[in-house]
C-alpha cells in the first residue's frame with residue numbers, strides 16, 4: 001500500500017492497459033476524513049508528460065488537493081495547479097512560454113459509475129462545475145488527475161507575440177511579381193516549365 005509520498009516510477013504500469021507517466025496513488029480509505037495532499041512531478045515524469053502532450057518543455061508541475069469523501073464512493077476534490085511549460089508556436093515553431101496558476105474542482109468517481117462514451121451528454125458535461133475522474137474502488141491517482149488538469153489548462157493554439165499569418169511564405173507569385181521578373185529577365189518557375197513544354 002502506497003502513501004502520498006511514495007511514487008511509481010515514471011511510466012510505471014498501473015494495470016494491464018494503462019501506463020501512467022505521473023502517478024501518485026493514495027488509498028481511498030484515507031479520504032474518510034478531510035485530507036490535504038501535495039503532488040509534484042519529478043524530472044523523468046515531466047519529460048514523459050512532454051512526450052504525451054507534445055510540449056517543448058515542462059519545468060514545473062505542482063498540484064495541491066483538498067479531498068473530502070462524498071456519497072456512493074465519490075471523493076470531492078478542490079485543487080490548485082501550478083506549472084511552467086513551453087509549447088511550439090503554431091506559426092513559427094518557436095517556443096512559447098506559459099505559466100499556469102489555476103484552481104480546479106474534481107470528483108473521483110467509481111469507474112463502474114462512469115458513463116460509456118456513447119452515453120455522454122456534451123451539453124450537460126459543459127455545465128458541470130467539476131470534472132469526473134474514475135477510480136478503481138481502492139485507490140485514487142492524484143498524479144494522473146494533475147496531468148489531466150495540465151492538459152485542460154494548456155493554451156490550445158499557442159502563438160508567439162508578434163507572430164501572424166503574414167509570416168507564412170507565399171508560394172504563388174503575384175501578378176506584380178511575375179511582371180517584375182519578366183522586365184528584369186529573371187526566370188520564374190512558370191517560364192521554365194513553359195520552355196520545357198515547348199521543347200517537347
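We did not get these values from a lab; they are worked out from the coordinates using the rules stated. The shown structure was predicted, so the numbers you read here are calculated from the model rather than taken from an experiment. Using ideal geometry, Cβ is built from the backbone for each residue, glycine included, and neighbour counts are taken over all protein chains shown.
Between residue 98 and residue 130, the C-beta separation translates, for a Förster distance of 30 Å, into a calculated FRET efficiency of about 0.80. Counted by neighbouring Cβ atoms within 10 Å, the residues 132, 101 run from fewest to most as 101, 132. In this rough spin-label picture, where each label sits 7 Å from Cα along the Cβ direction, the residue 35-residue 82 distance is 2.3 nm. As a rough footprinting exposure proxy, the listed residues 85, 109, 99, 62 were ranked by other beta carbons within 10 Å of their own, and the order from fewest upward is 99, 62, 109, 85. Once the Cβ-Cβ distance of residue 153 and residue 90 is raised to the sixth power relative to R0 = 25 Å, the FRET efficiency obtained is 0.90.
Counting only Cα atoms, the size of the range 25-153 along its three principal axes is 49, 32, 22 Å, in decreasing order. Ordered by the count of other Cβ atoms within 10 Å of each Cβ, fewest first, 74, 140 give 74, 140.
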